[in-house]
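The values are calculated or read from the model by the stated rules, or taken from the named source; none is laboratory data. Not measured: the values here are computed from a predicted model. Methodologically, a virtual Cβ is constructed for each residue, glycine included, from the backbone with ideal geometry; neighbour enumeration extends over all protein chains shown.
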């Protein structure tokens, strides 16, 4: 009897160890393959395993699945929980997305100051989207003292990384003189770079600016845009 009980216990332990090894064998590559095949249930299960192992990319992706309802039901609270887990490990995209939840009051109480805190961390890490989002907070004075000069600097940082919205808002800042000296040539340059990504407002803005400028000014803006593309290794779109 004792021998039989011992055998049952060792068998149970072996099963647990095997299942644990299988769980730890899940990789981000396998998750990526599941997503590629649109097998969101499998991707979700794999991400849960990796997220619980404190894998920041997995925590970020799991949060996105909860936020968007992919492979599971929409759960903004769970999204916030996993974004925060990844954000606290220094994941810039998770920091940006967590900030958006605080900014909009989804899954967490609305808190502009907390949003600015996380946008700032992501922006400092070089995340172009966060730089743009933080610029908006400075432009509106939400969660931070209004500072158009700081907003301009952040729009520019975002724009230099080819962020379409950063480029558009930088163009608008130059056109209106908000946070910087008014410069129509620079305004058109950045509006052109934003417009070539098919952003409707930028396309309209290029047309508007062009109607107010001389052909010489337009040519200067085009030259500057071309020089920027060449410097960044980006072809005209």
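List of remarks:
- Some residue of the stretch 141-154 being buried (at least 20 other Cβ atoms within 10 Å of the Cβ) and without any contact (Cβ under 8 Å) to a residue 24 or more places away in the chain: no
- For the stretch 102-178, the helices (runs of 4 or more DSSP H) that sit wholly inside it and include 3 or more residues that are farther than 25 Å from residue 226 by Cα and at pLDDT 95 or above are 112-124, 128-140, 148-160.
- Any pair with Cβ under 6 angstrom, 6 or more apart, that starts in the stretch 172-194 at a residue that is on the phi < 0 side of the Ramachandran plot and ends at one that is buried (at least 19 other Cβ atoms within 10 Å of the Cβ) and not in a helix (DSSP H, G or I): 173/179
- Flag for residue 73 being over 30 Å from residue 116 (Cβ atoms) and modelled with pLDDT of 95 or more: yes
- In the stretch 195-206, the qualifying residues are those that are free of Cβ contacts under 8 Å to residues at least 40 places away in the same chain and in a loop (DSSP other than H, G, I, E, B), and the one that is surrounded by the fewest Cβ atoms within 10 Å (Cβ to Cβ) is 198.
- No other residue among 100, 110, 95, 53 is closer than 30 Å to residue 145 by Cβ and surrounded by fewer than 16 Cβ atoms within 10 Å (Cβ to Cβ) apart from 110.
- Residue 64, sole failed condition from (1) touching a helix residue (DSSP H, G or I) at 6+ places or on another chain (Cβ under 7 Å); (2) surrounded by fewer than 24 Cβ atoms within 10 Å (Cβ to Cβ); (3) at pLDDT 95 or above; (4) closer than 25 Å to residue 26 by Cα: (1)
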